[in-house]
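Notes follow the structure.
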Amino acid sequence: MLIPVYEDAHLVVLNKPSGLLCVPGRGPDKLDCLSSRAQQQWPDALVVHRLDQATSGLVVMARSLVVQRALGDAFAARKVDKRYMAVASGFPVAQPAPADAALLAGMPQDAEHWSLIDLPLIADWERRPLQRVDHAVGKPSQTWWRAVTGQEAATLPSIPSDSTRLWLTPVTGRTHQLRLHLQAIGHPILGDSLYATPGVQAMAPRLLLQAQHIAFTHPVTQVPVACTLPADF
């Protein structure tokens, strides 16, 4: 039985465990997924967005076509605030803020210094389902990141000494964006079976990436909805 993080007559927010698909995959062994489990409890539940199978955390599902469309529009218009936690290998070095005002407008406004990864991504068709950085034909893709430090870090579980706990805020929502962006700057996520080296994969029993916070305006009541999970690694 799923325990909702948030629930009302119009939508439900669920906590997807790592390893569970969001929607059914190909083959009878991939029928079990978050959407099918949700529909056993909420028969009207409809998919709005997805997380990678290996990623844990918050997923919003609509309970009508009207709400599904409204939430989908909010995601497309970047009106949904999403924040992920990850543990990356090594020690990423903070970068100066970009000069582009349009890019700066997407930076999280929490009085902290954030760095931007701005690398275009595209499907790597010869190695599907992998994606790759491609400056010629890739789609624009941006991720803001900052290290979790100080008292905030002190309250969280310990991590390997040669790794860094990060907050990640994606501006765009490309497939594997957070995983590939961190790999591209030389700091793949621990436990990443797709983009990390075998040594970094072996540093964790799962991908250390969690969709930990999501906030949006309720499409029916127009009241702000914000959901936050505790770190699960």
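Worth pointing out:
- For region 51-160: rounded, prolate or oblate by the Cα gyration tensor [a/c cutoff 1.5]: rounded
- With a Cα cut-off of under 24 Å and a minimum spacing of 8 residues unless on different chains, the lysine pairs in the chain number 5.
- Overall dimensions of region 109-233 as given by Cα atoms, namely Rg and Dmax in Å: 16.1, 48
- Correct option for Rg/Rh (Cα atoms, Kirkwood Rh) [calculated from the coordinates] among (i) 0.95; (ii) 1.11; (iii) 0.98: (i)
- Net length gained if the chain between Glu152 and Gln40 were fully extended (0.36 nm per residue, minus Cα distance): 36.6 nm
- For region 167-233, the gyration tensor built on C-alpha atoms gives a prolate shape. Its axis ratio a/c (a ≥ b ≥ c) is at least 1.5, and a/b is the larger of a/b and b/c.
- Total charge dipole magnitude, the chain, about the Cα centre, Cβ charges on Lys, Arg, Asp, Glu only, Debye to nearest 20: 420
- Expected 222 nm ellipticity per residue - DSSP helices of 4 or more, -39500 (n - 2.57), all of the chain, to 500: -4500 deg cm²/dmol
- Sites Val223 and Ala99 - FRET efficiency at Förster radius 35 Å, r taken between beta-carbons, to 0.05: 0.40
- With every protein chain in place, region 58-105: carbon and sulfur % of accessible area (1.4 Å): 60
- Anisotropy class of region 1-118 from Cα gyration tensor, a/c 1.5 cut: prolate
- Around the amide H of Thr55, modelled in the peptide plane, lie the amide H atoms of Gly19, all under 5 Å away and 5 or more residues distant in sequence or on another chain.
- Normalised alpha carbon radius of gyration of region 40-102 [divisor 2.2 N^0.38 Å]: 1.57
- Across region 198-213, rounded Karplus estimates of 3J(HN,Hα) from the backbone phi angles (6.51 cos²θ - 1.76 cosθ + 1.60, θ = phi - 60°) give x, x, 6, 4, 6, 6, 8, x, 8, 5, 8, 9, 9, 6, 9, 9 Hz, Gly and Pro being marked x.
The values are calculated or read from the model by the stated rules, or taken from the named source; none is laboratory data. This structure is a prediction, so every number in the text was calculated from the model and none was measured. No Cβ is skipped: glycine too gets one built from the backbone with ideal geometry, and neighbour counts run over all protein chains shown. For accessibility, only protein heavy atoms count, side chains too; no ligands or nucleic acids. Shrake-Rupley method; radii C 1.70, N 1.55, O 1.52, S 1.80 Å.
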